[in-house]
1. Quick one: how many residues across region 272-327 are under 30 Å from ASP188 (Cα atoms) and either of a type in the set (S, T, N, Q) or outside any helix (DSSP H, G or I) (or both)?
2. Sort out which residues of region 136-181 are more than 28 Å from LEU119 (Cα to Cα), in contact (Cβ under 8 Å) with a residue 60 or more places away in the chain and not in a loop (DSSP other than H, G, I, E, B), and write them in order of number.
3. Mind telling me which of the residues ALA65, ALA43, ALA133 ends up being out of contact with any Ser or Thr (no Cβ under 8 Å at 6 or more places or on another chain) and at pLDDT 90 or above?
4. Please work out which one of (1) open to solvent by 60 Å² or more (accessible area, probe 1.4 Å); (2) touching a Lys or Arg at 6+ places or on another chain (Cβ under 8 Å) is the condition PHE234 fails and give its number.
5. Return only the number of the condition from (1) free of Cβ contacts under 8 Å to residues at least 24 places away in the same chain; (2) touching a Phe, Trp or Tyr at 6+ places or on another chain (Cβ under 7 Å) that ILE101 does not satisfy.
6. Can you name every residue in region 34-66 that is open to solvent by less than 30 Å² (accessible area, probe 1.4 Å), of a type outside the set (Gly, Ala, Ser) and either touching an Asp or Glu at 6+ places or on another chain (Cβ under 6 Å) or free of Cβ contacts under 8 Å to residues at least 12 places away in the same chain (or both)?
7. Has region 11-29 got any residue that is surrounded by 13 or more Cβ atoms within 10 Å (Cβ to Cβ), outside any strand (DSSP E or B) and at pLDDT 85 or above?
8. Kindly indicate whether ALA133 is more than 18 Å from PHE94 (Cα to Cα), hydrophobic (A, V, I, L, M, F, W, C) and either in a helix (DSSP H, G or I) or in contact (Cβ under 8 Å) with a residue 24 or more places away in the chain (or both).
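The values are calculated or read from the model by the stated rules, or taken from the named source; none is laboratory data. Everything numeric here is computed off the predicted structure, so don't read it as measured data. Counting neighbours? That spans all protein chains shown, and the Cβs are built from the backbone with ideal geometry, glycine included. Note: accessible area is taken over every heavy atom of the protein model, side chains too, but ligands, DNA and RNA are not part of it. Shrake-Rupley method; radii C 1.70, N 1.55, O 1.52, S 1.80 Å.
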Amino acid sequence: EAGVAQTLPLGTRLSLGAGREERDTAFSADTSDRDRATMRYEAALAQPLLRGFGRAANVARLRQARLDTRISEYAVLGAAEALVAAVEQSGWDFVLAERRIEIYEESLRLAEEQRNEVLARIEIGRLPDIERAAVEAEVAQRREDLINARSRWEFARLELARLIGPRDGARWTRAIAIRDDPAAPAEDAPPVDDVVAAALERRPDLNEARLRIERGDVEIVRTRNGWLPRLDVFIALGNSRYAESFADGSDDEDGESLSFDAGLRFEYALGARRERAARERAVIETGQAREALANLEDLAQVEVRSALIELRRARDQIEATRATRRHREEAVRAETEKLRVGRTTSLLVAQAQRDLVAARIAEVEAAVAHRRAWIEIYRRAGMLLERRGVRWDGAPPAG
């Protein structure tokens, strides 16, 4: 036997078949029946009237597969944006660690110069010997700060190498240089409504959630159709030919018959508990997906607005830390001059220098925080890849 069948989107099933049967009675005790051969041809059509009827029910699995593909594309997009953001954030951590080393190296150099000057004045009797302990302690503290800064730089370099380095033997020892300056030109924050609108339209997690709702709606249609009784109308046309044997190849056929079958086939599972449970589960899961989307949209609003608040704070912090650093520089100059004329102590000079180091580090941290805040704005709005020149050819935004 051989045949082909095709199910159409409306549920209609078409089939064509052919079969051959030969009976050999040579070894049979009953010799009254002759050797016989039968050839059959059949064409059939079956059309569901309840369960299995309609395009929506029959292409549901196909639509769900397409939606699953788009969902996976948005998952890839979200992972790509998270990776780009992690690389940039790690890069700015590396820059900050480098600037800390520079600041601590300069502060150690100044502390050593201050110590040498104080020791020289102690030798000639212009300062008491009690000043020696303060300057020596300050030099030791600066060395300790520099050691810690270099250790943090190593940690930042390893993390950045993990994210961007090729997987080869030199990955963990390859030198990394970042030329970007954290002190970027001032840029006004975008309007809140524009960023929120972009986030609600473009964020991968929101589009993925919308597609899951659409997939759930398709599942509801499919399971609702599966809950119906089965009622099919069918038509079959057949042709059978009988002969003593096919071997002779002649047209001497013993007989031929045509057949025509038509009717209705009804099937109903009493209670339909399994089908009812599948439909109820689909309805509940789709409702959960809608609530999850509403929650994600609220969360996106909070994240975008919080990122804009942080952006404004970081921008204002740059000016504040810059002003603080300038005042600390004046304080160090004043205390240094007072020490030279004997109107202050080395401890107060060291304290002023420590305040200056902290102010310089805070200024760099504010600049880096400003850069990091822009990264978060673009990521929370779903625009990070576009802003970095990465083209996305995946699924369009889900409606």
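1. Of the residues in region 272-327, 6 are under 30 Å from ASP188 (Cα atoms) and either of a type in the set (S, T, N, Q) or outside any helix (DSSP H, G or I) (or both).
2. Within region 136-181, ALA156, ARG157, GLU159, LEU160, LEU163, ILE164 meet the criteria.
3. ALA65
4. Failing condition for PHE234: (1).
5. Result: ILE101 fails condition (1) only.
6. Of everything in region 34-66, those that are open to solvent by less than 30 Å² (accessible area, probe 1.4 Å), of a type outside the set (Gly, Ala, Ser) and either touching an Asp or Glu at 6+ places or on another chain (Cβ under 6 Å) or free of Cβ contacts under 8 Å to residues at least 12 places away in the same chain (or both) turn out to be THR38, PRO48.
7. Yes - at least one qualifying residue is present in region 11-29.
8. yes
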